[in-house]
Amino acid sequence: MAPRRVRRAGPQRPRPRVRAPRARRVPAVALHQLPERRSAGHGPRQRLPGAGVSAAAPRAGGRVVELVAERSLDVVEREVPEPGPGEARVRIRAVGICGTDVHGYLGRSDRLPMTLGHDAVGIVDALGADADAEHGTADDVTPAVTVGDRVTIDPTVRCGVCGSCRAGLPQVCSGGGYLGMTATGTMADYLTVPVGNLVPVADGVSDVAATVLEPIAVALHLLDRVGAFSPPARIAHVIGGGPLGVLLGQTLGVFGWAVTVHEPQAYRRIVAASAGLSVAEPGQVTPDSAPVLIVETSATAPGVQLARTLATPGSTIGLVGRAPADFTSAEILLKELSVLGVRAGVGQYPAAIDLVARGLVTPLITVSHEFALDAASEAFAAVTDPAREVMRAVLLAEPTPERSTEGNTP
Ligand SMILES: [Zn+2]
Ligand SMILES: [Zn+2]
């Protein structure tokens, strides 16, 4: 299939504009209608899906995209795996290409061959022994799934028994992994995963939209982490206007934050503006002295430098991208900065799907290109070519020429 440049129906994209951050943005819905945000803290928490499920590492089958060397992908045929106890097998329909996949593709993966991908949607097509029973214990968090359900996969695989998992911090599980990074990923026809990692996708959320849920889940986890470290005025500066920065910023906006996205590339500022966010080129905004929330999503050294510039005394910094630069301990101390690491959106996928189903967050505006799974090499070449201006690309298992990419219908 020839790659398609996706043109979405909907309102005209406004020209990028620069506005001073408003002190408070009126949320689109009453706050009591929004999902409950847990407060920050490290006490014992609700048991998360997947905890205690003793399943094997995820295994891929059918057509499998394997990263075999730097900038080199093979699509190989593998036996379709049978789900083990506590596992489900998912027939993958679509997978997003995320920044971490690109990092691996560019040679920053020390595990080769590796199957990339962690933002996926598919159909449950087999359940292993005890999968229902194992999952039933956690259905207060994630609805139970059955064969035929359309699901996304929470990419954090957790052991359920280590100190982190027992403390309610599965995102830093010492015995687990992350799909496509430290565990086999979703760029394949089939993947077996612990059944507790599956999250049903609401009918109003299209397959393509369901491949861009991670930024929203990460934003929700960030808000939990910010908790008591929230600045008095909800002013946020998001550094980086890729899909992560745009959807994270849009999610913060739903919860009442006035968000400015700082992004050097014009086409990304246009997408951020179409999400209702204020936009600025790096260096264009000079903060006053009030504390703010800064979220670094660009995973670049200039992004961290900008975060340091914007960090007024008392500010809170969320590090979401893994950048080759640091804050100094002296500036953290002297400015009394609160620096929070945010590495995943574990457990947040049901709430993320709810925000998308209600139209409060719009992941489709970030998807610019679609490719067939077989064309994974072409897709990664496009994503890493700045001239192509790819915002977000999605791999489709069964692309059909008739398939409409307009609107929000599965
Ligand atoms: Zn990702
Ligand atoms: Zn663990």
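If the condition is being more than 16 Å from ligand 1 (Cβ to nearest atom) and either over 18 Å from the mean Cα position of the chain (by Cα) or not in a strand (DSSP E or B) (or both), then the range 194-204 contributes Pro194, Val195, Gly196, Val201, Ala202, Asp203, Gly204.
Could you give me the residue pairs with C-beta distances under 9 Å whose first residue belongs to the range 94-123 and is closer than 27 Å to Ser206 by Cα and without any contact (Cβ under 8 Å) to a residue 40 or more places away in the chain, whose second residue is acidic (Asp, Glu) and surrounded by fewer than 21 Cβ atoms within 10 Å (Cβ to Cβ) wherever it lies, and which are 6+ apart or on separate chains? Sorted first by the residue in the range 94-123, then by its partner, the pairs are Ile123/Asp149. The set of residues from the range 229-266 being under 20 Å from Asp101 (Cα atoms) and in a loop (DSSP other than H, G, I, E, B) comprises Gly240, Gly241, Gly242.
Please determine, by comparing only the residues of the range 289-307 that are among the small types (Gly, Ala, Ser) and within 18 Å of Ser338 (Cβ to Cβ), which one is surrounded by the most Cβ atoms within 10 Å (Cβ to Cβ). Among those that are among the small types (Gly, Ala, Ser) and within 18 Å of Ser338 (Cβ to Cβ), it is Ala307. For the range 194-201, the criterion of a residue being free of Cβ contacts under 8 Å to residues at least 60 places away in the same chain, within 16 Å of ligand 2 (Cβ to nearest atom), on the phi < 0 side of the Ramachandran plot and among the small types (Gly, Ala, Ser) is satisfied by no position. The residues listed here are Gln250, Gln284; of these, the one that is touching a Leu at 6+ places or on another chain (Cβ under 7 Å), touching a residue at least 24 places away in the same chain (Cβ under 8 Å) and either under 28 Å from Pro200 (Cβ atoms) or more than 16 Å from ligand 2 (Cβ to nearest atom) (or both) is Gln250.
Helices (runs of 4 or more DSSP H) fully within the range 295-381 that include at least 3 residues being closer than 17 Å to Phe229 by Cβ: 329-334.
Which of the following residues is closer than 14 Å to Cys98 by Cβ and aromatic (Phe, Trp, Tyr): Phe380, Phe371?
Testing whether each residue is closer than 14 Å to Cys98 by Cβ and aromatic (Phe, Trp, Tyr) leaves just Phe380.
Within the range 310-330, track down each residue that is over 21 Å from the mean Cα position of the chain (by Cα) and exposed (fewer than 15 other Cβ atoms within 10 Å of the Cβ). Those that are over 21 Å from the mean Cα position of the chain (by Cα) and exposed (fewer than 15 other Cβ atoms within 10 Å of the Cβ): Pro313, Ala325, Asp326, Thr328, Ser329, Ala330. Could you look through the range 183-193, keep only residues that are away from ligand 1 (no atom under 14 Å from the Cβ) and part of a strand (DSSP E or B), and pick out the one that is nearest to Pro155 (Cα to Cα)? Of everything passing the filter in the range 183-193, Val193 is nearest to Pro155 (Cα to Cα).
Condition check ((1) of a type in the set (Val, Ile, Thr); (2) buried (at least 17 other Cβ atoms within 10 Å of the Cβ)) across all residues:
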position	(1), (2)
Val65	yes, yes
Val76	yes, no
Ala88	no, yes
Ile92	yes, yes
Leu106	no, no
Arg111	no, no
Ala120	no, yes
Gly128	no, yes
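Evaluate the range 324-339: report whether one residue or more is in contact (Cβ under 8 Å) with a residue 60 or more places away in the chain and aliphatic (A, V, I, L, M). Checked the range 324-339: no residue is in contact (Cβ under 8 Å) with a residue 60 or more places away in the chain and aliphatic (A, V, I, L, M). Among the conditions (1) crowded, with 18+ Cβ neighbours inside 10 Å; (2) touching a strand residue (DSSP E or B) at 6+ places or on another chain (Cβ under 6 Å), Gly345 misses just one, which is (2).
No value in this document is a laboratory result; all are computed from the given coordinates. The structure presented is a predicted model; accordingly, all values stated were derived computationally and were not measured. Note that each Cβ is placed from the backbone with ideal geometry, even for glycine, and that neighbours are counted across all protein chains shown.
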